[in-house]
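The values are calculated or read from the model by the stated rules, or taken from the named source; none is laboratory data. Not measured: the values here are computed from a predicted model. Cβ: placed from backbone, ideal geometry, glycine included. Neighbour counts: every protein chain shown. All accessible areas refer to the heavy atoms of the entire protein, side chains included, with ligands and DNA or RNA removed. Shrake-Rupley method; radii C 1.70, N 1.55, O 1.52, S 1.80 Å.
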Amino acid sequence: MKSVIILALTLIVCVQASGQEAAKAPEEVPPGWWAIPKTSTRFKIGGYVKLDLIHDFNPIGSPDYFDVSTIPTDGSKGESTHLHAKESRVYLDFRSPSKVGELRAYVEGDFYGTSGAFRLRHAFVEINNGKWLAGQWWSNFMDETIIPPTLDFEKPAAYAFARHAMFRWKQALSKDSYLAIAVEEPNTRAQTPSEPGKFESPLPDLTARYRVTKDWGHVQVSGFAAQLRYRYSAGGSDQVSLFGGNVSGQFNFLKKDKVIYQVVYGPGVGRFRGGYSAGLDANGNLEAITDMGATIGIQHFWNDSFSSLAVYNQGSNGTTDGQPSTDISQMNYMAVNLLWHFVDNAFVGLEYLRGTREDIDETEGTANRLQFSVKYTFN
């Protein structure tokens, strides 16, 4: 808390000082930005405050967000109502011209840490107008520009959705296409063998994407390759290779409406959704879990004040012979909302969510939720 207060006081001093500087040369600073005195750097403070009122008609283990993997399959019943503002977030964006192109530093956080503590979401440096990126940002494997704008924080169950520390190179191939390659922080989420040992990530994840953007929308193709190793305490190790692909895009129509889509597939893609990369075969050895997820959504603007989103997602998890029968085999996620944008930078909205979970042993669970949200975005 002390560090947050010090940061806030420092920002206030900078804003006041930069405001005086901006009065001398306002044409040099775009609206919403402040110049740091006696430097060529400008910065912006932004974010939003959001309140969520959530009512669950069925039990679910994630009251702050709609994670269908936490739906119980034991037939339990119950309702609950919950209010929170954890999704509220703030960011700092710094830009400086240089002989190697514009430099950018960006830091963003929200309050989804333990007991509502402030936590890091993004923190990166971009060099040469984004050609090089070093820090934590959306994985290069996913398509961050089509994240469904649900009131729910979690997003679809089998949607590629991950933030990783990375080093990324991006190269324009034409005025409307680019290639990006990155090495990213791996993870070791997998079923643990019965023999004592520990998981290792011998190499970072390697990701690549190719993207074409036109007036009608965009198409993106991406892939990843990774390795996972389990080193036995008694000696020796077991290792699996992981890889997968992602095809995604957006189609624009009418004035502001759009259709979004995504299909992910491969042995190990669960690591991009917080799931397991590998299970165990009949002999207790590591075996990659092949997953598939498909998402389709449409956003429609009824007029300048009202908009709606409908999104559906289905995920199927491959199984291994050594997995517990209580592991997930299939998930479904659906969300429909109506938002009233009563001013340009604020809205109130209502959303209905429905999710199902089916385990390997064919037991099932269903959850239904209503969520009401109020959001005000600043800068």
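Picking from residues in segment 335-345 that are aliphatic (A, V, I, L, M) and buried (at least 19 other Cβ atoms within 10 Å of the Cβ), the one that is farthest from the chain's Cα centre (by Cα) is L339.
Just name the residue that is surrounded by the most Cβ atoms within 10 Å (Cβ to Cβ) out of those in segment 107-120 that are on the phi < 0 side of the Ramachandran plot and in contact (Cβ under 8 Å) with a residue 24 or more places away in the chain. Give the steps one after another, and end with the answer.
Looking only at segment 107-120, we keep the residues that are on the phi < 0 side of the Ramachandran plot, and these are 107-114, 117-120.
After this cut, where a residue has to be in contact (Cβ under 8 Å) with a residue 24 or more places away in the chain as well, the list is 108, 110-112, 118.
On the way: E108: 19, D110: 21, F111: 16, Y112: 18, F118: 15.
If we take residues in segment 107-120 being on the phi < 0 side of the Ramachandran plot and in contact (Cβ under 8 Å) with a residue 24 or more places away in the chain, then D110 is surrounded by the most Cβ atoms within 10 Å (Cβ to Cβ).
Could you go through segment 351-367 and let me know if any residue there is among the hydrophobic types (A, V, I, L, M, F, W, C), closer than 30 Å to K255 by Cα and part of a strand (DSSP E or B). Looking through segment 351-367, at least one residue is among the hydrophobic types (A, V, I, L, M, F, W, C), closer than 30 Å to K255 by Cα and part of a strand (DSSP E or B).
When restricted to residues that are out of contact with any Phe, Trp or Tyr (no Cβ under 9 Å at 6 or more places or on another chain) and charged (D, E, K, R), segment 313-332 contains 1. Out of the residues in segment 314-327 meeting the condition of being open to solvent by 20 Å² or more (accessible area, probe 1.4 Å) and under 21 Å from the mean Cα position of the chain (by Cα), tell me which one is farthest from G275 (Cα to Cα). Step by step, filter segment 314-327, then rank; the result is Q314. Filtering A134, A165, A172 for residues that are in contact with an Asp or Glu (Cβ under 6 Å, 6 or more places away or on another chain) and open to solvent by 30 Å² or more (accessible area, probe 1.4 Å) leaves a single hit, A165. You will find that of F301, F243, the residue that is open to solvent by less than 60 Å² (accessible area, probe 1.4 Å) and either hydrophobic (A, V, I, L, M, F, W, C) or touching a Phe, Trp or Tyr at 6+ places or on another chain (Cβ under 6 Å) (or both) is F301 and no other.
Among the residues of segment 92-110, are any closer than 30 Å to I296 by Cα and in a loop (DSSP other than H, G, I, E, B)? Among the residues of segment 92-110, not one is closer than 30 Å to I296 by Cα and in a loop (DSSP other than H, G, I, E, B), which makes the answer no.
Using the structure shown, decide if G270 is at pLDDT below 95 and under 17 Å from A158 (Cα atoms). Break it down stepwise before answering.
Values: at pLDDT below 95: yes; under 17 Å from A158 (Cα atoms): yes.
Spelling it out, G270 is indeed at pLDDT below 95 and under 17 Å from A158 (Cα atoms).
Taking the numbered list (1) outside any strand (DSSP E or B); (2) touching a residue at least 12 places away in the same chain (Cβ under 8 Å) in turn, G235 passes all entries but (2).
State all residues of segment 175-205 that are open to solvent by less than 50 Å² (accessible area, probe 1.4 Å), aliphatic (A, V, I, L, M) and over 22 Å from Q323 (Cβ atoms); if no residue qualifies, say none.
Start the filter on segment 175-205 by keeping residues that are open to solvent by less than 50 Å² (accessible area, probe 1.4 Å), which leaves 176-178, 180, 182, 184, 186-187, 190-191, 193, 197, 199-202, 205.
Retained after the next criterion (residues that are aliphatic (A, V, I, L, M)): 180, 182, 190.
Scanning segment 175-205 gives A180, A182.
Residues considered: A208, A225. Of these, the only one that is without any contact (Cβ under 8 Å) to a residue 24 or more places away in the chain and either assigned to a strand (DSSP E or B) or open to solvent by less than 40 Å² (accessible area, probe 1.4 Å) (or both) is A225.
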